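Working notes, structure below.
The values are calculated or read from the model by the stated rules, or taken from the named source; none is laboratory data. No experiment lies behind these values; they were computed from the predicted model shown. Reconstructed Cβ throughout: ideal geometry from the backbone, glycine too, with neighbour counts over all protein chains shown. We work out accessible area using only protein heavy atoms, side chains counted, and drop any ligands, DNA or RNA first. Shrake-Rupley method; radii C 1.70, N 1.55, O 1.52, S 1.80 Å.
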Amino acid sequence: MEVKQISLFLENKKGRLWEALNVLAKAHINIRALSIADTSDFGILRLIVPDPDNAKKVLAKSNFTVRESDVIAVGVPDSPGGLASVLKILTDADINVEYMYAFVEKSGKKAIVVLRTDSISKGKKALKKAGVTVLSSQQVYTL
Amino acid sequence: MIWNKEAECMRIGEREKLQIERLRAILRRAYKNVPYYQKRFGESKVKPADIRSLKDIKKLPFTTKTDLREGYPFGLFAVPRKEIVEVHTSSGTTGKPTVSGYTRKDIEIWGEVVARALTMCGATKDDIIQNGYGYGLFTGGLGVHYGAQRIGATVVPVSAGQTKRHLDIMQDFGSTILTCTPSYALYLTEAVAEAGINRKKLKLKAGCFGAEMWTDRMRDEIEKRFRLLALNIYGLTEIIGPGVAQECDQKNGLHIFEDHFYPEVVSPETLEPLPDGEKGELVLTTLTRDGMPMIRFRTRDITTLRREPCKCGRTLVRMDRVTGRTDDMLKIRGVLIFPSQIEKALLEVREVEPHYQIIVTRPQHLDEIEVQVETSKKLFSDEVRHLEEARKKIEKHIENSIGLRVKVTLVEPKTLPRSEGKAKRVIDKRQL
């Protein structure tokens, strides 16, 4: 199964990010990874959570505009050049990265990178072919 | 200086006589030639013959912008179309603008009243008038143009915008009188300073500014920076264009050219006429217009009429500068816009929710419109690029519809205020 990411629209307003996170806290949803893309007017909060369906439900119930999308999660050696080597594979395969964010696994050996490529299946295929560890949704949700 | 002493300084009793004669004539003409007036007069059970004194005017029904829209385009013309030599419209945008048709004689009257207005600003045939009002369907550019030509001044039809050109012409031609919207005048003062132009080398002596609401504070600023006399002009497309009224150098209200336009101020609630000195909605009746007589047109502009004698010697009634409107129409940089025009444009963009809010500000000197739009599920994407594209698409669409650039801000769904009745769509933050 693909790794699901939840994204929500945030107005650039004081306290709004907290409100979103508070909704998740109240529903006992733990966040595995997050990133915020911001412009002067609004932000997009992207989240990886263990139970995306439930997260989507509680956020929508609190009037947040939520969207679910497929992303790729890869394990990258936590050392200089680790991420660059992954990106080189995608560049060589002519695959565009829309956005990405990274977090470090608790054991600290590997960095987990969440990637959104213009085509998820092509991205996955290229990475797998080059021997990169592509994580399953279960692996990511239970990290 | 007074352009037409006979008309502008006429004894009041004499003018009233002239007004009632002209009013009766125009009512007869309107009733005979315009089915719309026949119908409306019939509904009010009034005939032109019932109007014997100026006071009787209150028996006549009002004409509104809606009536004009219903008659779009030529329904209110009182002469055969071939006698109409020029048409203008209010904000030439989507929906139905209001059309104003002029006969050759109407154009002459227009030139006459604007000549009076420009003369109040000190214009003579020796002057170079730099005209910064927009030429085209908007009445500002051509109205001033006709007036300037009537005087015999040299008119430079620069039109609106083109700041660099304005600055060059101002310097090279030695323009003495500037005509444009007051906010653009202020903008020009800044451009002059930024370009490092020595103000002493400019020959500007007066400015004739209007087409939008402005304040005495703005006047002070323009006068100080440009070192000229800044005077207020008033007019509207439906009546004739600029030149319905003009401020004299006493700066004590705008003289209405009463021999051509009969003013009343009515209570916006009861629609009953108010005595002089009381604030209400200005209602105008054209007394001489052939092509399109306007009977008791509700301008929606709020003002007060004053008849105390003016030191300039004119006996014409004065109106206070317009400080507000009785409808939700917006005057943005001289262009009239109904919020509904923005709404219509918005709703044509499929992904958009029908909830929006218009915020008008004047951060520097120019009006700016921000349209807050609620993001819909359809519109939302996890990619900034897509959202930005959607935002720009909405901006472009509104701009194409109303002819003005707006800034669109995406807000979260269900965050804009809702109300049971009429939603408050417009927040006007301009300090006027």
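Remarks
- In segment B:372-412, the qualifying residues are those that are closer than 22 Å to residue B:97 by Cβ and of a type in the set (Gly, Ala, Ser), and the one that is nearest to the other protein chains (Cβ to nearest Cβ) is B:401.
- Filter result (among the charged types (D, E, K, R) and under 15 Å from the mean Cα position of the chain (by Cα)) within segment A:93-129: A:98, A:105, A:116, A:118, A:124
- Residue ID - nearest to residue B:189 (Cα to Cα), chosen from residues in segment B:338-371 that are away from chain A (no Cβ under 14 Å) and in contact with a Ser or Thr (Cβ under 6 Å, 6 or more places away or on another chain): B:365
- In segment A:36-143, counting only strands (runs of 3 or more DSSP E) that sit wholly within it, the ones holding 3 or more residues that are among the aromatic types (Phe, Trp, Tyr) and under 28 Å from residue B:380 (Cα atoms) span A:97-104.
- Residue match in segment A:91-98 (condition: crowded, with 18+ Cβ neighbours inside 10 Å and more than 14 Å from chain B (Cβ to nearest Cβ)): yes
- Taking the numbered list (1) open to solvent by 20 Å² or more (accessible area, probe 1.4 Å); (2) under 18 Å from the mean Cα position of the chain (by Cα); (3) within 14 Å of another protein chain (Cβ to nearest Cβ); (4) in contact (Cβ under 8 Å) with a residue 40 or more places away in the chain in turn, residue A:17 passes all entries but (4).
- Segment B:1-49 holds helices (runs of 4 or more DSSP H) entirely within its bounds, and those carrying 1 or more residues that are more than 25 Å from the chain's Cα centre (by Cα) and under 21 Å from residue B:297 (Cα atoms) map to B:12-33, B:35-43.
- Scanning segment A:20-42 for residues that are under 22 Å from residue B:391 (Cα atoms) and either facing chain B (nearest Cβ under 9 Å) or over 19 Å from the mean Cα position of the chain (by Cα) (or both) returns A:37, A:38, A:39, A:40, A:41, A:42.
- For segment B:377-396, the condition of being among the small types (Gly, Ala, Ser), open to solvent by 40 Å² or more (accessible area, probe 1.4 Å) and either under 30 Å from residue A:6 (Cα atoms) or in contact (Cβ under 8 Å) with a residue 12 or more places away in the chain (or both) holds for none of the residues.
- The residue that is nearest to residue B:374 (Cα to Cα), counting only those in segment B:339-353 that are in a loop (DSSP other than H, G, I, E, B) and without any contact (Cβ under 8 Å) to a residue 40 or more places away in the chain, is B:351.
- Residue B:162 being over 26 Å from residue B:3 (Cα atoms) and without any contact (Cβ under 8 Å) to a residue 12 or more places away in the chain: yes
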